[in-house]
Amino acid sequence: MCKYIAEFWNTTTNVVFFALAAFGMYQVRATKQENRFLLCYIAMMVVGLGSWLFHMTLQYQWQLADELPMVYGTCICIYCALQADAKVGTDLYVSLGLFGYSAVVTLVYVQIRKPVFHQVAYGLEVLIILIRSMMHQIEIRKTNLSAYAEMVQLYRLGVGSFGLAFVLWNIDNIFCTEIRALRNALPVVLAPLFQLHAYWHIGTALGCYVSIVYQQYLRLVKLDKIDNFCLQKMAFIVPYIDRRTKAE
């Protein structure tokens, strides 16, 4: 569709990363939340930029810029999950451990160049966040049912977005030849509907964004500040945290 972009739809759908990350950054500043969440959204934007450059050029260096920031950004989210109830300044060992993990993954991946290694390294990070988040939910259920209910909603939306995107990504990988033939046989206006990797970008962008909102909400609960905030939705699906008004 454009001679300057190798994969048009796989490139342009990364705009969802930019839009959601920018909105998240704005909300962090507007509600005066901690800089750890600002870093999460910046990392999310970097992932989108790396993916954009890779799918636009299909060059190896930009593939690394696509894949490695996923590891780095998820480490920041792990930090948020592990330090949700910790005081500022007690995080040295956690920070060093996550930095070391990122460094090892980078060095090994650059040497062996095996995509499955990156997938396992990233999947392990996601698993840690899922397990720790569930543990937090179990704890909060005992003391704050309303907060627990909203956290479950966020959890399901995030996992559902990632899960559906993962399924579509695998279908696209397994049946790549057949899906490409189908797109070629369809009218130009319908062919983009079967760009399944593009849906992967949209689903992971939403899942990433929701997981950060979840960590923001969790932190507020742990700091006993959640009564000053409320969970809102934009366009009926995009959650965000806002300060309560005096009337509320």
*Quick check, is V28 of a type in the set (A, V, I, L, M), within 25 Å of L190 (Cα to Cα) and crowded, with 19+ Cβ neighbours inside 10 Å?*
no
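May I ask you to verify whether F17 is of a type outside the set (A, V, I, L, M), touching a residue at least 12 places away in the same chain (Cβ under 8 Å) and under 26 Å from D172 (Cα atoms)?
yes
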*Evaluation of N144 against (1) under 30 Å from Q61 (Cα atoms); (2) over 19 Å from the mean Cα position of the chain (by Cα); (3) open to solvent by less than 100 Å² (accessible area, probe 1.4 Å) (one fails), failing number*: (1)
*Looking for whichever is of a type in the set (F, W, Y), surrounded by fewer than 18 Cβ atoms within 10 Å (Cβ to Cβ) and out of contact with any Asp or Glu (no Cβ under 9 Å at 6 or more places or on another chain) here; the options are F166, F162. Which one fits?*
F166
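Go through the stretch 118-149 and count every residue that is outside any loop (DSSP other than H, G, I, E, B), basic (K, R) and farther than 13 Å from I78 by Cβ. If you could, list the steps in order and put the result at the bottom.
Going residue by residue through the stretch 118-149, those that are outside any loop (DSSP other than H, G, I, E, B) are 118-141, 145-149.
Going one step further and asking which of them are basic (K, R), we end up with 132, 141.
Next, from what is left, pick out any that are farther than 13 Å from I78 by Cβ: 141.
Result for the stretch 118-149: 1.
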*Taking only pairs six or more apart or across chains, which ones have beta-carbon atoms under 6 Å, a first residue in the stretch 206-233 that is of a type in the set (V, I, T), and a second residue that is open to solvent by 30 Å² or more (accessible area, probe 1.4 Å)?*
V210/L157
*Looking for whichever is surrounded by 13 or more Cβ atoms within 10 Å (Cβ to Cβ), under 19 Å from the mean Cα position of the chain (by Cα), more than 20 Å from M45 (Cα to Cα) and of a type in the set (D, E, K, R) here; the options are R183, R219. Which one fits?*
R219
*From Y41, Y60, Y101, grab the single residue that is touching a helix residue (DSSP H, G or I) at 6+ places or on another chain (Cβ under 6 Å) and among the aromatic types (F, W, Y).*
Y41
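Being closer than 23 Å to L82 by Cα, buried (at least 21 other Cβ atoms within 10 Å of the Cβ) and of a type in the set (F, W, Y) narrows it down to one residue among Y155, Y209; which is it?
None of the others qualify; the one that does is Y209.
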_Checking the condition on the phi < 0 side of the Ramachandran plot and exposed (fewer than 11 other Cβ atoms within 10 Å of the Cβ), which residue from V238, V189 passes?_
V189
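This table checks each residue for (1) surrounded by 14 or more Cβ atoms within 10 Å (Cβ to Cβ); (2) among the hydroxyl-bearing types (S, T, Y).
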| position | (1), (2) |
| --- | --- |
| V94 | yes, no |
| L98 | yes, no |
| Y101 | yes, yes |
| L107 | no, no |
| V110 | no, no |
| P115 | no, no |
| V120 | no, no |
| L127 | no, no |
| L130 | yes, no |
*For residues that are more than 16 Å from I237 (Cβ to Cβ) and out of contact with any Ser or Thr (no Cβ under 6 Å at 6 or more places or on another chain), tally how many sit in the stretch 156-208.*
33
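The values are calculated or read from the model by the stated rules, or taken from the named source; none is laboratory data. Keep in mind that what you see is a predicted model, and the values were worked out from it rather than measured. Please note: Cβ atoms are built from the backbone with ideal geometry, for glycine as well, and neighbour counts cover all protein chains shown. Areas reflect the complete protein model, heavy atoms only, side chains present, ligands, DNA and RNA absent. Shrake-Rupley method; radii C 1.70, N 1.55, O 1.52, S 1.80 Å.
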